[in-house]
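The values are calculated or read from the model by the stated rules, or taken from the named source; none is laboratory data. Here the structure is a predicted model, which means the values were calculated and not measured. Here Cβ is always computed from backbone atoms with ideal geometry, including for glycine, and neighbour counts include all displayed protein chains.
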Amino acid sequence: MRAINGEKFVIKGSTERLKGTLPVRGSKNACLKALAAAVLTDQPITIKNIPLIEDVFRMRELLEFLGAKIKKTGQRSFLISAGNVKKSCLDFKIAKSLRASVALTGPLLARLGTVSFPFPGGCVIGKRPIDMFLNGFEKMGAKVFIKGRGNNFTIKAKALKGAEIFFRIASVMATETLMMAATLAQGRTILRNAAQEPEIADLADFLNSCGARVKGAGTGTIVINGVKKLGPGIFNTPPDRIEAGSFTILGALLGDKLRVVNCEPLHILSLIEHLESMGVSLKKGKDWLEVSRPRYFKPVNVKTREYPGFPTDLQAPFSVLLTQARGISSLFETVYDGRLNYINDLIRMGANVILCDAHRAIFHGQTCLKGREMEAPDLRAGLTFILAALIAKGKSIIHNVYNIDRGYEKIEERLRNAGAAIERVV
Ligand code: EPU
């Protein structure tokens, strides 16, 4: 596991426009679940268009620890054979470092009848409990054993049984994890109030291509008829909609016909709508977007919501735009209860923001940001600091780059190609 090291980004802010193209890599959150799904079968699984990011490397380490064989078959392709997976206990140190480790619980429980794992870690953006996973497994006939002051879990089920499960919150990973478990359960599982993010339909299509029987993924009700075994399959990782959105926001801040390419504009319609209402004009094609900075930004009110609403993962990057809008804008984060802390750093850069409570902030713009030294507290806030630094006066230094590398592949190289003054200092 890569140690959190002293790498930092040094950024020179500027009013120079960014031009050219920014290519979007494969979706982190889709790829991580396809990697977890590989454990459902003893047949070979190929995953293509893998983003080369730290969270994917950690997931690979988790799979190898369990006994899976993984071969790199191309720059962005893995061939995974989980035929030898006999271990049902996750590597606790790695599992604690990323939230997506919990996605492995469904496949391991379904395939081996038992799984042990720690409370998953990851970005510190709120409480992030796992109660809906545990309740769902219990409904499917599993027994949950909790130790270590509620931090270590073992779940056992000789055979999972189909069940009706209602999620009290439309959780992305609870939906994905129970959907994966249900593919090998006896009988029919119905997931209600399921999350509808595009990654869920992609995962279901992949599972079906391996022989699963999943219907309704991408809607609020998913029906899974369990099968005895899954076969081989190929997953082509779709473009990362959050990276596409982050780059589009950057284009609105600094673009001169900046093109975001290899993306799926249909997956970020809520962002596009908000940008247009701020006065940003965009051109869009099937797999690209072109965006330029407008003369000025109108203020806007943003409320995060489950897909297809405004994504919580774009809330922090979007806030940089709110510091530039003329007038009063508001931000309402409804998904997490600890995802506004980064705003204190924007305030230190010169933004005029009132943090009302853990969920709401009011921005008074337009403000001139000044470069600073900061630490990336989590993935999306880290990217936000890059955007803020690029429009700020003077130099900024961003520490704890690992948190950005978790989800954005060599971000500095791609941004430099578009004209940004950003260097990684080792
Ligand atoms: N929740 C519970 N109990 C549970 C599960 C979730 O209360 O058992 C709550 C969470 O605390 C949160 C809400 O439900 O308040 C929704 O969270 P969700 O479960 O949907 O989030 P997640 O599945 O843990 C994924 C992404 C996140 C993204 C969210 C929301 C992955 C690996 N992570 O998390 O991505 O913010 O969905 O879209 O897929 C990121 O990429 O930076 C990131 C944090």
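Kindly indicate whether residue 201 is surrounded by 19 or more Cβ atoms within 10 Å (Cβ to Cβ) and either within 16 Å of the ligand (Cβ to nearest atom) or assigned to a loop (DSSP other than H, G, I, E, B) (or both).
Working: surrounded by 19 or more Cβ atoms within 10 Å (Cβ to Cβ): no; either within 16 Å of the ligand (Cβ to nearest atom) or assigned to a loop (DSSP other than H, G, I, E, B) (or both): yes.
Taking the combined requirement at face value, the residue does not satisfy it.
Can you tell me which residue is nearest to the ligand (Cβ to nearest atom) among those in segment 278-313 that are within 27 Å of residue 238 (Cβ to Cβ) and among the hydroxyl-bearing types (Ser, Thr, Tyr)?
312
Hey, does segment 84-92 have a residue that's within 16 Å of the ligand (Cβ to nearest atom) and either assigned by TED's automatic domain parsing to the domain that holds residue 336 or without any contact (Cβ under 8 Å) to a residue 40 or more places away in the chain (or both)? Can you show your working first?
The initial filter retains those residues of segment 84-92 that are within 16 Å of the ligand (Cβ to nearest atom), namely 90.
Add one more test, that the residue is either assigned by TED's automatic domain parsing to the domain that holds residue 336 or without any contact (Cβ under 8 Å) to a residue 40 or more places away in the chain (or both), and what stays is 90.
Within segment 84-92, one or more residues are within 16 Å of the ligand (Cβ to nearest atom) and either assigned by TED's automatic domain parsing to the domain that holds residue 336 or without any contact (Cβ under 8 Å) to a residue 40 or more places away in the chain (or both).
List every residue pair whose Cβ atoms sit under 9 Å apart, with the two residues 6 or more apart in sequence or on different chains, where the first one lies in segment 117-133 and is in contact (Cβ under 8 Å) with a residue 60 or more places away in the chain and the second, anywhere, is near the ligand (Cβ under 6 Å from one of its atoms) and among the polar types (S, T, N, Q).
Between residues of segment 117-133 that are in contact (Cβ under 8 Å) with a residue 60 or more places away in the chain and residues that are near the ligand (Cβ under 6 Å from one of its atoms) and among the polar types (S, T, N, Q), the close pairs are 125/312.
Quick one: in segment 234-277, which of the residues that are buried (at least 24 other Cβ atoms within 10 Å of the Cβ) and polar (S, T, N, Q) is farthest from the ligand (Cβ to nearest atom)?
This residue is 248.
Here's a check for you: in segment 114-152, which residue that is farther than 24 Å from residue 192 by Cα and more than 16 Å from the ligand (Cβ to nearest atom) is surrounded by the most Cβ atoms within 10 Å (Cβ to Cβ)?
Checked segment 114-152; the qualifying residue surrounded by the most Cβ atoms within 10 Å (Cβ to Cβ) is 116.
Just a yes or no: is a residue in segment 222-229 at pLDDT 95 or above, assigned by TED's automatic domain parsing to the domain that holds residue 39, part of a loop (DSSP other than H, G, I, E, B) and surrounded by 15 or more Cβ atoms within 10 Å (Cβ to Cβ)?
For segment 222-229, residues at pLDDT 95 or above, assigned by TED's automatic domain parsing to the domain that holds residue 39, part of a loop (DSSP other than H, G, I, E, B) and surrounded by 15 or more Cβ atoms within 10 Å (Cβ to Cβ): present.
Would you mind stating whether residue 367 is assigned to a loop (DSSP other than H, G, I, E, B) and more than 25 Å from residue 421 (Cβ to Cβ)?
When the stated conditions are applied, residue 367 does not pass them.
Wholly within segment 44-111, which strands (runs of 3 or more DSSP E) include no fewer than the required count, namely at least 2 residues that are among the small types (Gly, Ala, Ser)?
Answer list for segment 44-111: 77-81.
Name every residue in segment 104-113 that is closer than 14 Å to residue 144 by Cα and surrounded by fewer than 19 Cβ atoms within 10 Å (Cβ to Cβ), in order of residue number.
The answer is 113, and nothing else.
Considering (1) in a loop (DSSP other than H, G, I, E, B); (2) over 30 Å from residue 310 (Cα atoms); (3) within 13 Å of the ligand (Cβ to nearest atom), say which one residue 194 fails and leave the rest.
(2)
Report yes if some residue within segment 118-129 is assigned to a strand (DSSP E or B), under 24 Å from the mean Cα position of the chain (by Cα) and assigned by TED's automatic domain parsing to the domain that holds residue 181; otherwise report no.
yes
Can you report the number of residues in segment 30-79 which are within 18 Å of the chain's Cα centre (by Cα) and among the β-branched types (Val, Ile, Thr)?
Adding up the residues that qualify gives 4.
Can you go through 348, 326 and tell me which one is in contact with a Phe, Trp or Tyr (Cβ under 6 Å, 6 or more places away or on another chain), among the charged types (D, E, K, R) and surrounded by fewer than 23 Cβ atoms within 10 Å (Cβ to Cβ)?
326
Between residues in segment 17-28 that are without any contact (Cβ under 8 Å) to a residue 12 or more places away in the chain and within 12 Å of residue 408 (Cβ to Cβ) and residues that are among the hydroxyl-bearing types (Ser, Thr, Tyr) and part of a loop (DSSP other than H, G, I, E, B), which pairs lie under 6 Å by C-beta distance while being six or more apart or on different chains?
Taking only residues 6 or more apart or on different chains, not a single pair turns up.
In segment 165-189, how many residues are out of contact with any Lys or Arg (no Cβ under 7 Å at 6 or more places or on another chain) and more than 24 Å from residue 335 (Cα to Cα)?
So the count comes out to 5.
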